[in-house]
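To start, the structure under review is shown below, and the notes come after it.
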Amino acid sequence: MRQAEVSRNTSETQVRVRLNLDGAGQAKLATGVPFLDHMLDQVARHGLIDLDIEATGDLHIDAHHTVEDVGIAFGQALAAALGSKQGICRYGHAYVPLDESLSRVVVDLSGRPGLVFSVAFARAWVGAFDVDLCREFFQGLVNHALMTLHIDNLRGDNAHHQAETVFKAFGRALRMAVAEDARQVGRVPSTKGAL
């Protein structure tokens with residue numbers, strides 16, 4: 001089983017992430033940021049990743065540190081669960097619609113951090129959640145998972161739908177990238193021999 005547990009403790013946040021890449025899409029989420037929990041539930045469900053995340057943070061200031069640090073710890077756990085990356089597909093992509101919104105996410109578990117985030121949200125807030133924090137989550141994740149991630153919201157008029165299609169598509173693209181490829185057993189999918 002490809003599993004990992006990571007704790008991140010700073011003066012601003014305390015985060016614990018447990019994940020199982022070969023799970024059933026079960027999620028237990030308590031970040032203190034309800035909209036983030038809703039989005040992470042999409043990643044777990046559509047990525048078939050078991051995800052258990054607890055976080056406490058300086059929410060009396062705002063949700064920035066908590067969201068970013070959850071992304072960082074998620075990325076660290078993902079990297080640990082993947083290990084040498086032998087036998088994985090490496091690449092993944094997904095298009096996901098939700099009513100008027102459509103997003104595309106493309107993943108490369110390349111060993112190099114890179115994020116292209118092209119989402120023009122229809123409004124700045126979804127309830128009490130600042131949509132700028134979506135990018136902060138993915139930037140933290142990418143930097144610590146050492147992955148290349150392209151996120152494009154191709155259309156959408158509802159910010160909740162836009163965010164949800166992004167997180168669902170990320171889950172599905174990640175599921176494809178971490179899938180085991182029987183033809184790659186014992187091999188890393190790179191001409192360099194390492195990722």
Single residue of GLN14, GLN76, GLN3 found to be surrounded by fewer than 17 Cβ atoms within 10 Å (Cβ to Cβ) and closer than 30 Å to PRO189 by Cα
GLN3
Pairs needed: first member in region 144-171, in contact (Cβ under 8 Å) with a residue 24 or more places away in the chain; second member anywhere, among the hydroxyl-bearing types (Ser, Thr, Tyr) and crowded, with 24+ Cβ neighbours inside 10 Å; C-beta distance under 6 Å; at least 6 residues apart or different chains.
ASN153/SER103; THR165/SER103; VAL166/SER103; ALA169/SER103
Given (1) more than 15 Å from the chain's Cα centre (by Cα); (2) buried (at least 18 other Cβ atoms within 10 Å of the Cβ), where does GLY71 come up short, assuming only one miss?
(1)
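Among the residues of region 112-137 satisfying the criterion of being of a type in the set (Asp, Glu) and more than 16 Å from ILE72 (Cβ to Cβ), which is surrounded by the fewest Cβ atoms within 10 Å (Cβ to Cβ)? Walk me through it before giving the result.
From region 112-137, those of a type in the set (Asp, Glu) are 130, 132, 136; that's our starting set.
If we keep only those that are more than 16 Å from ILE72 (Cβ to Cβ) as well, we get 130, 132.
Values: ASP130: 16, ASP132: 12.
The qualifying residue surrounded by the fewest Cβ atoms within 10 Å (Cβ to Cβ) is ASP132.
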Looking at (1) without any contact (Cβ under 8 Å) to a residue 12 or more places away in the chain; (2) within 23 Å of GLN184 (Cβ to Cβ), which one does LYS85 not meet, given that it meets all the others?
(1)
Matching residues, region 58-81, being in contact with a Lys or Arg (Cβ under 8 Å, 6 or more places away or on another chain) and more than 17 Å from PHE170 (Cα to Cα):
ASP69, ALA81
Among the aromatic types (Phe, Trp, Tyr), modelled with pLDDT of 95 or more and part of a helix (DSSP H, G or I), is that true of PHE117?
no
Please note which strands (runs of 3 or more DSSP E) are completely contained in region 1-69 and include at least 3 residues that are among the β-branched types (Val, Ile, Thr).
13-20
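The values are calculated or read from the model by the stated rules, or taken from the named source; none is laboratory data. All figures in this text were calculated on a predicted structure; none of them were measured in a lab. Virtual Cβ from ideal backbone geometry, glycine too; neighbours counted across all protein chains shown.
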